[in-house]
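Engineer: Starting off with a structure, shown below.
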Amino acid sequence: MSGESAPAFKTIPHHAPVADAERAALLANPDFGRVFTDHMVTIRYNTDAGWHDATVEARRPITMDPAAAVLHYAQEIFEGMKAYSLEGGGAVLFRPDANARRFANSAERLAMPALPEDMFIQSVSQLVSIDRAWIPTTPGGSLYLRPFMIAGEAFLGVKPASDYLYMVIASPVGSYFKSGPKPISVWVSRSYTRAAPGGTGAAKCGGNYAASLPAQAEAMRQGCDQVVFLDAIERRWVEELGGMNVFFVFDDGSLVTPPLSGTILPGITRDSIITLARASGLDVREEPYSIEQWRADAESGRLREAFACGTAAVIAPIGEVKDGAGSFSMAQGRENDSVAQSLRRSLTDLQRGAAADAYGWVHRVF
Ligand code: PLP
Ligand code: COI
């Protein structure tokens with residue numbers, strides 16, 4: 001149904017939005033993903049009517065039948081993106097078309113209907129617009145947007161559902177990691193893998209994250225911020241972190257990131273970094289990199305930096321790599337002259353309208 005025209009949004013503003021003083025207090029220290037705005041978007045789908053009933057309304061709990069397919073067979077997908085406030089007023093989204101496309105690809109992988117790209121972008125823009133008072137203006141702050149879709153059909157047979165609910169909620173956020181801009185520590189999981197060829201690794205579906213939780217819990221027990229997953233076949237190729245892609249920076253200035261082999265999430269931050277790094281004259285290779293090589297290159301000094309990247313985390317240098325087979329540390333470049341820092345600055349300058357948008361990535365909402 002991706003060629004259909006978008007239904008008009010009906011807007012029912014919240015009758016009692018959070019008061020200014022309370023909102024200001026929440027925005028002063030929002031953490032990540034714990035504070036939510038006043039409104040939400042809902043759009044319904046069924047195989048007969050297609051997409052319909054697009055609504056912006058007060059955020060509230062939803063009801064569903066206990067037999068709803070999502071509750072049993074996890075037919076669910078989501079996106080993660082941010083709205084940024086501009087210094088002179090107004091707000092922008094960063095590459096929302098890329099999120100819309102990935103959402104459609106995830107839908108296809110989970111046998112769900114594709115939400116037309118314009119409807120996706122419009123839904124997110126509508127929420128950002130009505131909840132504009134919730135967009136942080138503090139340095140590093142942004143409004144995290146979570147579009148998602150769940151299967152609603154009440155039926156316990158295993159098949160693609162016939163009806164779906166698409167929603168968008170929003171959450172003002174600061175830094176994803178409590179450590180702020182300090183290097184993060186990662187735990188290499190030898191017991192669990194995240195995705196196998198032919199599986200759902202390239203889709204952003206809740207099931208991938210549910211299955212990653214014991215590995216993430218193991219990482220946290222080891223005192224680490226994130227888990228590093230290795231490939232499912234040889235158990236040696238670095239794939240990605242629980243919620244971020246990964247880059248390596250070598251002493252000749254070149255960068256390596258694992259290729260999009262179908263088992264990792266095609267990160268929009270990853271893609272943006274590749275473009276920005278190449279534009280600044282750096283050589284970026286998308287090629288497999290093993291955990292043994294990571295250790296050897298860290299120890300020899302050939303590897304200068306490693307960093308994680310994603311919408312939530314932006315770019316976070318990796319300091320310590322913990323592994324049952326032996327731990328090692330990264331000798332990071334100095335805070336302000338590392339490649340990670342410089343790429344982070346290029347990316348965030350673009351996202352905040354402080355740099356010229358040479359790629360047409362910045363989408364003005366208001
Ligand atoms: N890998 C995983 C597993 C993720 O959850 C994310 C975050 O969305 C990423 C990578 C980075 O993707 P993006 O840069 O599009 O946020
Ligand atoms: C994102 O970066 O948007 C994600 O979905 C990752 C998650 C760890 C919050």
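The values are calculated or read from the model by the stated rules, or taken from the named source; none is laboratory data. Just so we're clear, the structure is a prediction, and the values are computed from it rather than from any experiment. When we count neighbours, we look across all protein chains shown, and the Cβ atoms used for this are built from the backbone with ideal geometry, even at glycine.
Engineer: Kindly indicate which of E239, E218 is more than 14 Å from ligand 2 (Cβ to nearest atom), surrounded by fewer than 20 Cβ atoms within 10 Å (Cβ to Cβ) and either among the acidic types (D, E) or outside the structural domain of E292 (by TED's automatic domain parsing) (or both). Full working, then the answer.
Structural biologist: Details: E239 fails: surrounded by fewer than 20 Cβ atoms within 10 Å (Cβ to Cβ).
Every option except E218 fails the conditions.
Engineer: Can you find a residue in region 101-110 that is in a loop (DSSP other than H, G, I, E, B) and of a type in the set (K, R)? Walk me through it before giving the result.
Structural biologist: Within region 101-110, the subset in a loop (DSSP other than H, G, I, E, B) is 110.
Filter again for of a type in the set (K, R), leaving none.
No, every residue in region 101-110 fails to be in a loop (DSSP other than H, G, I, E, B) and of a type in the set (K, R).
Engineer: Using beta carbons and a limit of 9 Å, which pairs, at least six apart or on different chains, have the first residue in region 202-227 and among the aromatic types (F, W, Y) and the second one more than 12 Å from ligand 2 (Cβ to nearest atom) and not in a helix (DSSP H, G or I)?
Structural biologist: Qualifying pairs under 9 Å: none.
Engineer: Within region 23-64, work out how many residues are surrounded by 15 or more Cβ atoms within 10 Å (Cβ to Cβ), part of a loop (DSSP other than H, G, I, E, B) and touching an Asp or Glu at 6+ places or on another chain (Cβ under 9 Å).
Structural biologist: Adding up the residues that qualify gives 3.
Engineer: From the list G310, G360, which residue is among the small types (G, A, S) and crowded, with 20+ Cβ neighbours inside 10 Å? If you could, list the steps in order and put the result at the bottom.
Structural biologist: Working: G360 fails: crowded, with 20+ Cβ neighbours inside 10 Å.
The match here is G310.
Engineer: If you don't mind, there's one more thing I want to ask. When the residues of region 219-249 are narrowed to those that are of a type outside the set (A, V, I, L, M, F, W, C) and more than 19 Å from P183 (Cα to Cα), which ends up farthest from the chain's Cα centre (by Cα)?
Structural biologist: This residue is E234.
Engineer: Any residue that is among the small types (G, A, S), closer than 14 Å to F366 by Cα and within 16 Å of ligand 1 (Cβ to nearest atom) - is there at least one of those in region 81-88? I'd like the intermediate steps shown before the answer.
Structural biologist: As a first pass, look at region 81-88 and keep what is among the small types (G, A, S): 83, 85, 88.
Subsequent filtering for residues that are closer than 14 Å to F366 by Cα retains 83, 85, 88.
Now narrow it down to the ones that are within 16 Å of ligand 1 (Cβ to nearest atom): 83.
Yes: region 81-88 contains one or more residues that are among the small types (G, A, S), closer than 14 Å to F366 by Cα and within 16 Å of ligand 1 (Cβ to nearest atom).
Engineer: Moving on. Out of the residues in region 324-351 that are buried (at least 18 other Cβ atoms within 10 Å of the Cβ) and away from ligand 1 (no atom under 16 Å from the Cβ), which is farthest from P139 (Cα to Cα)?
Structural biologist: M330
Engineer: So, one more: Name every residue in region 145-172 that is crowded, with 22+ Cβ neighbours inside 10 Å and either outside any loop (DSSP other than H, G, I, E, B) or among the polar types (S, T, N, Q) (or both), in order of residue number.
Structural biologist: Hits for region 145-172 are L145, P147, M149, I150, A151, Y164, Y166, V168, A170, P172.
Engineer: Pick from V173, V186, V228, V238: which is within 16 Å of ligand 1 (Cβ to nearest atom), under 30 Å from V365 (Cα atoms) and at pLDDT 95 or above? Talk me through it step by step, then tell me what you get.
Structural biologist: Values: V186 fails: under 30 Å from V365 (Cα atoms); V228 fails: under 30 Å from V365 (Cα atoms); V238 fails: under 30 Å from V365 (Cα atoms).
Among V173, V186, V228, V238, only V173 is within 16 Å of ligand 1 (Cβ to nearest atom), under 30 Å from V365 (Cα atoms) and at pLDDT 95 or above.
Engineer: If you scan region 115-135, which residues turn out to be of a type outside the set (D, E), surrounded by fewer than 22 Cβ atoms within 10 Å (Cβ to Cβ) and touching a helix residue (DSSP H, G or I) at 6+ places or on another chain (Cβ under 7 Å)?
Structural biologist: Of everything in region 115-135, those that are of a type outside the set (D, E), surrounded by fewer than 22 Cβ atoms within 10 Å (Cβ to Cβ) and touching a helix residue (DSSP H, G or I) at 6+ places or on another chain (Cβ under 7 Å) turn out to be I121, A133.
Engineer: Scan region 78-93 residue by residue and report those that are among the hydrophobic types (A, V, I, L, M, F, W, C) and either more than 12 Å from the chain's Cα centre (by Cα) or at pLDDT below 95 (or both).
Structural biologist: Taking region 78-93 and keeping what is among the hydrophobic types (A, V, I, L, M, F, W, C), we get 78, 81, 83, 86, 91-93.
Correct list: A83, L86, A91, V92, L93.
Engineer: If you don't mind, there's one more thing I want to ask. Filter region 280-334 down to residues that are in contact (Cβ under 8 Å) with a residue 24 or more places away in the chain, more than 16 Å from ligand 2 (Cβ to nearest atom) and within 30 Å of A355 (Cβ to Cβ), then give me how many there are.
Structural biologist: Of the residues in region 280-334, the ones in contact (Cβ under 8 Å) with a residue 24 or more places away in the chain are 280, 282-292, 294-295, 297-299, 301-326, 328-333.
Those left that are additionally more than 16 Å from ligand 2 (Cβ to nearest atom): 280, 282-292, 294-295, 297-299, 301-306, 317, 319-326, 328-333.
The next check asks that each one be within 30 Å of A355 (Cβ to Cβ); those that pass are 280, 282-287, 289, 303-306, 317, 319, 330-333.
Number of matching residues: 18.
Engineer: Can I ask one more? Kindly provide the set of residues from region 321-366 that are part of a loop (DSSP other than H, G, I, E, B), closer than 23 Å to S185 by Cα and under 24 Å from the mean Cα position of the chain (by Cα), ordered by number.
Structural biologist: Taking region 321-366 and keeping what is part of a loop (DSSP other than H, G, I, E, B), we get 324-327, 330-334, 338, 352-361, 365-366.
If we keep only those that are closer than 23 Å to S185 by Cα as well, we get 324-327, 330-334, 338.
Of everything in region 321-366, just one residue is part of a loop (DSSP other than H, G, I, E, B), closer than 23 Å to S185 by Cα and under 24 Å from the mean Cα position of the chain (by Cα), namely S338.
Engineer: Touching a Leu at 6+ places or on another chain (Cβ under 7 Å) and surrounded by 11 or more Cβ atoms within 10 Å (Cβ to Cβ) - does that describe any residue in region 10-18? Talk me through it step by step, then tell me what you get.
Structural biologist: Quick first cut of region 10-18, residues touching a Leu at 6+ places or on another chain (Cβ under 7 Å) only: none.
There is no residue in region 10-18 that is touching a Leu at 6+ places or on another chain (Cβ under 7 Å) and surrounded by 11 or more Cβ atoms within 10 Å (Cβ to Cβ).
Engineer: Filter region 221-236 down to residues that are farther than 13 Å from W187 by Cα and crowded, with 16+ Cβ neighbours inside 10 Å, then give me how many there are. Let's see the steps before the verdict.
Structural biologist: Residues of region 221-236 that are farther than 13 Å from W187 by Cα, as a first pass: 231-236.
Add one more test, that the residue is crowded, with 16+ Cβ neighbours inside 10 Å, and what stays is 231-232.
Here the count works out to 2.
Engineer: Name every residue in region 272-320 that is more than 16 Å from ligand 1 (Cβ to nearest atom), of a type in the set (G, A, S) and in a helix (DSSP H, G or I), in order of residue number.
Structural biologist: Matches in region 272-320: A279, A296, A298, S300.
Engineer: Kindly indicate which of G243, G198 is in a loop (DSSP other than H, G, I, E, B) and either touching a Cys at 6+ places or on another chain (Cβ under 7 Å) or under 19 Å from E320 (Cβ atoms) (or both). Can you show your working first?
Structural biologist: Working: G198 fails: either touching a Cys at 6+ places or on another chain (Cβ under 7 Å) or under 19 Å from E320 (Cβ atoms) (or both).
Only one candidate qualifies: G243.
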